[in-house]
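The values are calculated or read from the model by the stated rules, or taken from the named source; none is laboratory data. In this text, all values refer to a predicted model and were calculated from it rather than measured experimentally. Quick reminder, even Gly has a Cβ in these numbers, built from the backbone with ideal geometry, and neighbours come from all protein chains shown. Side chains are part of the model used for accessible areas, which takes the heavy atoms of the whole protein and leaves out ligands, DNA and RNA. Shrake-Rupley method; radii C 1.70, N 1.55, O 1.52, S 1.80 Å.
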Amino acid sequence: MAVTTETQRLDAHKLRADFPVFEELINGRPVAFLDSAASAQKPRQVLDRMREFYEHEYANVHRGVYKLAERATAGYELARETAAAFVNAPSPRELIFTRSATEGLNLVAYAWGLDNLGPGDVVVASELDHHSNFVPWQYVAKRTGAEFRVIPTDAQGELHLDVLDEIDRAGNVKIVANNLVSNSLGTINPAEQLSAWAHERGAIMVVDAAQAAPHRAIDVQALGCDFLAFSSHKLCGPSGIGALWGKRELLEQMSPFNLGGHMIRQVTVEETTWGQLPYKFEAGTMPIAEAVGFAAAIDYVNGIGLDAIERHEHELVAYALDRLGDIPGLIGYGPPADRRAGIVSFNLEGIHPHDVSQILDMDNVAIRGGHHCTQPLMRRLGVAATNRASFYLYTIPDEIDRLVEGLHKVRKVLG
Ligand code: 7TS
């Protein structure tokens with residue numbers, strides 16, 4: 001792994017050597033991968049760790065007393081400790097492995113929401129939320145007769161918190177759900193402030209950290225939230241696994257979400273009782289090697305340092321916004337560089353984002369064009385879709401230059 005200096009600056013050029021994907025050259029150049037918000041590339045350290053686990057430590061967990069089963073269980077439970085420490089959870093027992101951030105958010109919506117909501121209650125999300133932290137809340141509100149309210153955004157894509165008073169008057173606020181970082185605009189949201197507001201009303205605060213955990217240090221205790229969900233694949237780990245942290249007393253009170261193997265204490269024909277935390281929420285064979293790969297990714301990211309990653313992306317965003325500003329007919333969305341994470345969203349006047357990304361792909365520049373699973377936000381912005389370029393620890397300014405060159409070309413071809 002490349003080294004970080006004492007000043008917490010990372011060397012993206014060196015780090016790129018850890019990522020096999022950049023070894024493939026097309027016309028002499030690697031992919032300019034500017035879609036890390038969708039999913040991040042994987043370093044050798046993660047790939048090697050998963051191969052080693054499959055070759056020498058693999059069996060199902062928690063079931064056998066033989067050596068391989070013991071190694072596999074040790075690897076899986078160490079991964080839990082690593083993921084719990086990554087978000088400063090008070091205990092690894094509060095850390096539940098899930099399939100993804102989406103599944104973690106659904107778990108809370110179903111297992112807490114369905115049993116605790118009813119007419120007169122209010123569930124709050126925001127216009128900035130990804131559908132994964134919007135649709136489950138809208139759905140459980142409808143199912144239970146609770147009211148679903150949405151915090152709107154202003155023209156820059158920042159939350160309009162002055163509507164909270166009005167929301168408060170709509171009923172008994174029970175759930176506040178919000179993302180820490182917006183996947184479409186990079187807006188950094190005031191989760192601590194929302195947590196405090198939620199708790200003053202006896203509500204729970206659910207933080208979607210899918211887009212934050214890979215890029216900035218997360219501390220669930222400092223955030224003051226009740227649940228926090230994130231995914232492995234966006235932080236250089238394998239797909240197919242995520243994590244949900246929840247406060248122990250809430251998790252203890254909740255019914256299970258998935259039912260089946262390993263989540264039980266005892267099963268009889270008459271009745272089934274639930275196992276302890278965290279197993280109550282981990283039914284069936286879990287993504288075991290993926291958990292080990294997830295932990296290897298967390299170790300990798302920790303080795304570089306979240307502060308260094310955040311600073312690096314901040315510099316890239318400032319550079320990108322500056323360079324994009326020179327492109328005629330480019331409409332940018334989102335807050336200024338000092339209030340956003342490593343994501344830029346824009347449109348070229350009169351050109352559909354899908355056409356933009358297709359032309360960029362001809363020069364091996366990978367960005368995303370679409371609604372980014374934030375249709376309510378797109379409606380607020382008055383567009384159907386945007387182009388989005390997103391950065392990570394391996395992103396270099398040269399890739400932003402290639403994006404800018406490509407956009408000039410798009411304007412020439414289609415403008
Ligand atoms: N929340 C946010 C803020 C996200 O950005 C995403 C995925 C999710 C939740 C869901 O995460 P998953 O791992 O369960 O899929 N965001 C994106 C994206 O922006 N483009 O593709 C996936």
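Please go through segment 367-381 and pick out each residue that is of a type in the set (A, V, I, L, M, F, W, C) and open to solvent by less than 30 Å² (accessible area, probe 1.4 Å). Step through it out loud before you land on a result.
Step one: filter segment 367-381 for residues of a type in the set (A, V, I, L, M, F, W, C), giving 367, 373, 377-378, 381.
Of everything in segment 367-381, those that are of a type in the set (A, V, I, L, M, F, W, C) and open to solvent by less than 30 Å² (accessible area, probe 1.4 Å) turn out to be ILE367, LEU377, MET378.
Just give me the residues in segment 128-139 being farther than 13 Å from LEU180 by Cα and within 13 Å of the ligand (Cβ to nearest atom), in sequence order. Within segment 128-139, HIS131, SER132, PHE134, VAL135, PRO136, TRP137 meet the criteria.
Kindly evaluate ALA59 against the criterion of being surrounded by 15 or more Cβ atoms within 10 Å (Cβ to Cβ), modelled with pLDDT of 95 or more, within 16 Å of the ligand (Cβ to nearest atom) and assigned to a loop (DSSP other than H, G, I, E, B). Step through it out loud before you land on a result.
Values: surrounded by 15 or more Cβ atoms within 10 Å (Cβ to Cβ): yes; modelled with pLDDT of 95 or more: yes; within 16 Å of the ligand (Cβ to nearest atom): no; assigned to a loop (DSSP other than H, G, I, E, B): yes.
Taking the combined requirement at face value, the residue does not satisfy it.
Is segment 169-182 home to any residue that is closer than 23 Å to SER232 by Cβ and more than 11 Å from the ligand (Cβ to nearest atom)?
The first filter runs over segment 169-182 and keeps only residues closer than 23 Å to SER232 by Cβ, leaving 177-182.
Then drop every residue that is not more than 11 Å from the ligand (Cβ to nearest atom), which leaves none.
Within segment 169-182 (the criterion being closer than 23 Å to SER232 by Cβ and more than 11 Å from the ligand (Cβ to nearest atom)), the answer is no, since none of the residues qualifies.
Need at least 2 residues that are closer than 30 Å to ALA72 by Cα and assigned by TED's automatic domain parsing to the domain that holds SER239 per element, so show me which strands (runs of 3 or more DSSP E) inside segment 266-363 make the cut, counting only ones lying wholly within it. Spell out the reasoning first.
Values: elements: 272-274, 330-333, 343-348.
Qualifying strands (runs of 3 or more DSSP E): 272-274.
The residue of segment 293-325 that is nearest to ALA337 (Cα to Cα), among those that are within 17 Å of the chain's Cα centre (by Cα) and charged (D, E, K, R), is GLU313. Scanning segment 276-296 for residues that are in contact with a strand residue (DSSP E or B) (Cβ under 8 Å, 6 or more places away or on another chain) and under 10 Å from ILE241 (Cβ atoms) yields MET286, PRO287, ALA291, PHE294.
If I ask for residues that are within 16 Å of the ligand (Cβ to nearest atom) and open to solvent by 10 Å² or more (accessible area, probe 1.4 Å), which ones from segment 218-229 would you list? Result: ILE218, LEU223.
Could you tell me whether any residue of segment 30-52 is of a type in the set (Phe, Trp, Tyr) and either more than 16 Å from the ligand (Cβ to nearest atom) or assigned by TED's automatic domain parsing to the domain that holds VAL206 (or both)?
Going residue by residue through segment 30-52, those that are of a type in the set (Phe, Trp, Tyr) are 33.
Narrowing the set further to residues that are either more than 16 Å from the ligand (Cβ to nearest atom) or assigned by TED's automatic domain parsing to the domain that holds VAL206 (or both) leaves none.
No, there is no match, as no residue in segment 30-52 is of a type in the set (Phe, Trp, Tyr) and either more than 16 Å from the ligand (Cβ to nearest atom) or assigned by TED's automatic domain parsing to the domain that holds VAL206 (or both).
Test of understanding: among SER239, SER232, which residue is buried (at least 24 other Cβ atoms within 10 Å of the Cβ), within 13 Å of the ligand (Cβ to nearest atom) and in contact (Cβ under 8 Å) with a residue 60 or more places away in the chain? Quick ask: steps written out before the conclusion?
Working: SER239 fails: buried (at least 24 other Cβ atoms within 10 Å of the Cβ).
After applying the criteria, what remains is SER232.
The set of residues from segment 329-352 being among the acidic types (Asp, Glu) and over 18 Å from ASP154 (Cβ atoms) comprises just one member, GLU349. The residues of segment 71-122 that are among the small types (Gly, Ala, Ser), within 15 Å of the ligand (Cβ to nearest atom) and in contact with a Pro (Cβ under 9 Å, 6 or more places away or on another chain), listed by number, are ALA83, ALA109. Filtering segment 364-397 down to residues that are closer than 15 Å to VAL317 by Cα and in a loop (DSSP other than H, G, I, E, B), which residue is farthest from the chain's Cα centre (by Cα)? Among them, the one singled out is ILE396.
If we scan segment 322-333, do we find a residue that is open to solvent by 20 Å² or more (accessible area, probe 1.4 Å), touching a Leu at 6+ places or on another chain (Cβ under 7 Å), on the phi > 0 side of the Ramachandran plot and not basic (Lys, Arg)? Looking through segment 322-333, at least one residue is open to solvent by 20 Å² or more (accessible area, probe 1.4 Å), touching a Leu at 6+ places or on another chain (Cβ under 7 Å), on the phi > 0 side of the Ramachandran plot and not basic (Lys, Arg). Applying a threshold of 7 Å to beta carbon distances and a minimum spacing of six or more residues, or different chains, the list of pairs starting in segment 19-30 at a residue that is under 12 Å from VAL365 (Cα atoms) and ending at one that is outside any helix (DSSP H, G or I) and open to solvent by 80 Å² or more (accessible area, probe 1.4 Å) reads PRO30/GLU24.
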